[in-house]
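> My structure is below; once you've seen it, I'll send some questions.
The values are calculated or read from the model by the stated rules, or taken from the named source; none is laboratory data. Model, not experiment: these values are computed from the prediction. In this analysis, Cβ positions are derived from the backbone assuming ideal geometry, glycine residues included, and neighbour counts consider all displayed protein chains. Just so you know, the surface numbers come from the protein's heavy atoms only, side chains and all, with ligands and any DNA or RNA stripped out. Shrake-Rupley method; radii C 1.70, N 1.55, O 1.52, S 1.80 Å.
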Amino acid sequence: MPLFQNAVFSTTVADLRNLPNDSRCEIAFAGRSNAGKSSAINTLANHCRLAFVSKTPGRTQHLNYFQLAEGKYFVDLPGYGFAKAPEEIRGQWEGLLAPYLRYREALRGLVLIMDSRHPLTELDLQMIGWFAPTGKPIHVLLTKADKLTRQQQALTVREVQEALSSMTGNCTLQLFSSLQKSGVREAEAVLGEWLDLPTRQDRPPPSGLASEKAARPKKRNAIGWSARHAGGGARGR
């Protein structure tokens, strides 16, 4: 089961005074509009419409909270597309984002979404330069990796890694594809550690009737192929 499968929408915050009081740790997701931020959140949560996917830049105007477990959240931030919004709206968003990213105590780290075909835009670099001084970690998801060849993927990872290493020593990165659902386990390992959630490898094996049945020795002489096949189908349901 995906680590974040229990994610549910919690609240939308337009004023920092309304941030959830019960939050103990949260991870913010930021990125240029159309870089695949909402799709990445949906893929990690194994939910097709948890975060709203829009073709309109700046559709996410507030901080959208998704609860993963008690006191633990993903936070979807406004996309960089807000640069195309009216000046008044941009001012409201910047007044919300700056203090949130710099001073939110519960914030454990930032997931920065970059289109692997167009990484390290000016706005990406501004976001890194803005957040890095907090000392909190940054994890870069190079999305839409399925659009690149293996050679292009390797080149992109190397170039982005070199650029990031000159800016901050507290940044990791990986390839990610929402279409192919690749890179999910790698992301779970990083974000699960930030949130102090057990990863798939850390979780104990399932127990119960199904496991007990599997552990019993089978009397193969007494069970024909059809019965075994039907029994296996029942257990698989």
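> LEU97 passes all but one of (1) modelled with pLDDT under 95; (2) over 21 Å from TRP194 (Cα atoms); which number fails?
Failed condition: (2).
> If only one of ALA154, ALA163 is outside any loop (DSSP other than H, G, I, E, B) and open to solvent by less than 50 Å² (accessible area, probe 1.4 Å), which one is it? Spell out how you get there, then give the answer.
Values: ALA154 fails: open to solvent by less than 50 Å² (accessible area, probe 1.4 Å).
The conditions single out ALA163.
> To continue, here is another question. Just need a number here: residues in the stretch 48-71 that are open to solvent by 80 Å² or more (accessible area, probe 1.4 Å) and at pLDDT 85 or above.
So the answer is 1.
> Filter the stretch 1-18 down to the residues that are open to solvent by 20 Å² or more (accessible area, probe 1.4 Å) and assigned to a loop (DSSP other than H, G, I, E, B) and list them by number.
First, pick out the residues of the stretch 1-18 that are open to solvent by 20 Å² or more (accessible area, probe 1.4 Å): 1-3, 5-6, 8-12, 14-18.
Those that are open to solvent by 20 Å² or more (accessible area, probe 1.4 Å) and assigned to a loop (DSSP other than H, G, I, E, B): MET1, PRO2, LEU3, GLN5, ASN6, ALA14, ASP15.
> A further question follows. I want to confirm something. Restricting to the stretch 11-27 and keeping residues that are touching a Lys or Arg at 6+ places or on another chain (Cβ under 8 Å) and not polar (S, T, N, Q), which single residue is nearest to VAL190 (Cα to Cα)?
So the first thing to find is which residues in the stretch 11-27 are touching a Lys or Arg at 6+ places or on another chain (Cβ under 8 Å), and the list is 19, 23-27.
Still in the running and not polar (S, T, N, Q): 19, 24-27.
Details: LEU19: 24, ARG24: 18, CYS25: 14, GLU26: 13, ILE27: 11 Å.
Among them, the one singled out is ILE27.
> May I pose another question? Looking at (1) farther than 25 Å from VAL184 by Cα; (2) at pLDDT 65 or above; (3) touching a Lys or Arg at 6+ places or on another chain (Cβ under 9 Å), can you tell me which one LEU77 breaks?
(1)
> Consider VAL157 carefully, then state whether it is of a type in the set (Val, Ile, Thr), out of contact with any Lys or Arg (no Cβ under 7 Å at 6 or more places or on another chain), modelled with pLDDT of 60 or more and more than 26 Å from ASN6 (Cβ to Cβ).
Values: of a type in the set (Val, Ile, Thr): yes; out of contact with any Lys or Arg (no Cβ under 7 Å at 6 or more places or on another chain): yes; modelled with pLDDT of 60 or more: yes; more than 26 Å from ASN6 (Cβ to Cβ): yes.
For VAL157, the condition - of a type in the set (Val, Ile, Thr), out of contact with any Lys or Arg (no Cβ under 7 Å at 6 or more places or on another chain), modelled with pLDDT of 60 or more and more than 26 Å from ASN6 (Cβ to Cβ) - is met.
> Scan the stretch 94-108 residue by residue and report those that are closer than 10 Å to SER23 by Cβ and surrounded by fewer than 18 Cβ atoms within 10 Å (Cβ to Cβ).
Kept after step one, since they are closer than 10 Å to SER23 by Cβ, are these residues of the stretch 94-108: 104-107.
GLU105, ALA106, listed by residue number.
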